[in-house]
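This report concerns only the one structure given below.
What follows is calculated from the coordinates using simple rules that are stated; it is not laboratory data. It should be emphasised that the depicted structure is a prediction, and the values quoted were computed from it without experimental measurement. With ideal geometry, Cβ positions are generated from the backbone for all residues, glycine too; neighbour counts draw on all protein chains shown.
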């Protein structure tokens, strides 16, 4: 049941991401930031789950697969999805508010997963989750600033 | 963590340095953006599969000689897989492989990958707790085809306009 619910949510996230109106990212930007976000998220869970046992993923196949989908599809897509809004925000205050809202959403989703039994936080507090998401979002913004500029310059050079 | 530096860590270090050196001759062959994305893709792909099979509920193998996610494993992930991907794509692009030639090329790489995985098992880079070397055999052709698909996607979009 949990697996089916999360499957629907993940598919909805993918559809919403590609159908969402507004400023769009280049296809290679989406791919790169999605990979980068996924890398950060999976390492976060891998270290906390395998090494420090601060997050315990449910042993049952359904919840484990649901968590796999979340960390490879939904969570990285949310991270990528916020980037155009961050870039479009004019002031530093607005940019900070966008990142804080997104980190809040991702923190809420992680603790919702705890509540429905996909994973269990053992000594890993909510503020630490929020801090991780803020850092992950900050690093993805930094990735866009460096890689994104290089990519756009190269792509424009290749246009004919 | 129960991290101890012994032979398998030295093996991982030497082979990873060797991989980085092996990348140097082809470092300028591809577009830097393509190199960057392929490198990232290979890293994420292998980490995703490893975390899926190493973590709950499967726990089919683990890296190195203890069950924790060791820094040396991260080093291997960051170097060896990505460099192998770049060399694979170098041959694919340079010789414009299609059809039977591509099939044989993937077969040769699968043979090399399985042989290298076996050497890794002997040197305790990988410890199987349910996985078998035989299970790895079909994963390499699938990964090769996926890598080619991603490479072609990147190549195509390198020329698509920025909106």
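Miscellaneous remarks
- Of all residues in region B:39-66, exactly one satisfies the criterion of being on the phi > 0 side of the Ramachandran plot and crowded, with 21+ Cβ neighbours inside 10 Å, namely B:64.
- Of all residues in region A:112-160 being touching a helix residue (DSSP H, G or I) at 6+ places or on another chain (Cβ under 9 Å) and outside any helix (DSSP H, G or I), the one that is nearest to the other protein chains (Cβ to nearest Cβ): A:119
- If the condition is being more than 8 Å from every other protein chain (Cβ to nearest Cβ) and under 16 Å from residue B:54 (Cβ atoms), then region A:53-72 contributes A:53, A:55, A:65, A:67, A:71.
- Complete set of residues in region A:111-141 that are touching a residue at least 40 places away in the same chain (Cβ under 8 Å) and buried (at least 17 other Cβ atoms within 10 Å of the Cβ): A:113, A:118, A:119, A:121, A:124, A:132, A:136, A:137, A:140, A:141
- Test result for residue A:31, farther than 24 Å from residue A:122 by Cβ and facing another protein chain (nearest Cβ under 7 Å): yes
- Subset of region A:7-28 (residues that are part of a helix (DSSP H, G or I), within 14 Å of chain B (Cβ to nearest Cβ) and in contact with a helix residue (DSSP H, G or I) (Cβ under 8 Å, 6 or more places away or on another chain)): A:27, A:28
- Residue in region B:116-134 that is surrounded by fewer than 13 Cβ atoms within 10 Å (Cβ to Cβ), without any contact (Cβ under 8 Å) to a residue 12 or more places away in the chain and under 30 Å from residue A:64 (Cα atoms) present: yes
- The condition (being part of a helix (DSSP H, G or I), within 9 Å of chain B (Cβ to nearest Cβ), in contact with a helix residue (DSSP H, G or I) (Cβ under 8 Å, 6 or more places away or on another chain) and surrounded by 17 or more Cβ atoms within 10 Å (Cβ to Cβ)) is satisfied by just one residue among A:42, A:75: A:42.
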